[in-house]
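Below is one structure, written out as structure tokens; comments come after it.
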Amino acid sequence: MFPWLEIGGWLGSALIVLSLTQARVLRFRWLNLTGSLVATAYNAILGIWPFVAMNAAISLINTYWLWRLNRERHDAAVYEVVEVAPDDAYLLHVLRTHAADIATFAPRFAPVPEPGEERSAFLVQRGDETVGVVEVRDAGDGVGVVELDWVTKRFRDFTPGEFVHRRSGIFAAKGFDRVVVPQADGSDRAYLRGVGFRPEGSAWVRDVVVGAEG
């Protein structure tokens, strides 16, 4: 066997195994697709046709799911925004379950509001699965401050929080004229621009326009 062919076979197997360790659904699909394509070619060269058929079928399945996930990533018919009370039992359960992960993105976030603090909380649902949480504090004078805009690991390659920000009516109903993100790192800035925020000093701001979507 040619050394490069054996290396290719091991590479395909390694990618498939690596894909199974991924929590992110999109990353899992891409790694699994790449590994199964390599495995298909490897087995075709060796003439091992049952494994060719199996890996080709896996490649097709991964291709379908990648197409579907990317088609649905900005589809408001797929993701639903559900407003809940800041002390809602299910919301607090989600925040406790993912506390360690949330702390890496929002280390100052407190799941339970301070006495007298007015806060709005929104769950982003994909079917019966909670894929994100957005919480906004009423800072007065028509300003809402985003305390948390978090996505579960499975959907971290997507931006489900956009479905909260795209619905200006949600914030207008709260009396907000502006929504502010106090600070954002490089990975968040493209997302914020995409949902209508603009930089103002170290903060990012979005004006609430009644009746506007997107």
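Remarks
- Unique match (being part of a loop (DSSP other than H, G, I, E, B) and either open to solvent by 10 Å² or more (accessible area, probe 1.4 Å) or over 13 Å from Glu135 (Cβ atoms) (or both)) among Asp157, Asp149: Asp157
- Every condition in (1) within 20 Å of the chain's Cα centre (by Cα); (2) under 20 Å from Glu6 (Cα atoms); (3) of a type outside the set (D, E, K, R) is met by Ile45 except one, and the failing one is (1).
- Among the residues making up segment 142-180, those that are under 13 Å from the mean Cα position of the chain (by Cα) and not β-branched (Val, Ile, Thr) are Asp149, Trp150, Lys153, Arg154, Phe155, Arg156, Asp157, Phe158, Pro160, Gly161, Glu162, Phe163.
- Verdict on Ala89 being open to solvent by 20 Å² or more (accessible area, probe 1.4 Å), more than 30 Å from Lys174 (Cβ to Cβ) and modelled with pLDDT of 95 or more: no
- Considering the conditions (1) within 22 Å of the chain's Cα centre (by Cα); (2) open to solvent by 60 Å² or more (accessible area, probe 1.4 Å); (3) more than 20 Å from Ala121 (Cβ to Cβ), Ser202 is excluded by exactly one of them, (1).
- Test: residue in segment 46-55 that is under 22 Å from Gly8 (Cβ atoms), open to solvent by less than 80 Å² (accessible area, probe 1.4 Å) and either in a loop (DSSP other than H, G, I, E, B) or in contact with a strand residue (DSSP E or B) (Cβ under 9 Å, 6 or more places away or on another chain) (or both): yes
- For the residues Glu83, Glu6, the requirement of being without any contact (Cβ under 8 Å) to a residue 60 or more places away in the chain, charged (D, E, K, R) and either closer than 30 Å to Phe171 by Cα or open to solvent by 40 Å² or more (accessible area, probe 1.4 Å) (or both) singles out Glu6.
The values are calculated or read from the model by the stated rules, or taken from the named source; none is laboratory data. In this text, all values refer to a predicted model and were calculated from it rather than measured experimentally. Ideal geometry is used to build each Cβ from the backbone, glycine not excepted, and the neighbour counts take in all protein chains shown. Ligands, DNA and RNA are excluded from the accessible area calculation, which covers all protein heavy atoms including side chains. Shrake-Rupley method; radii C 1.70, N 1.55, O 1.52, S 1.80 Å.
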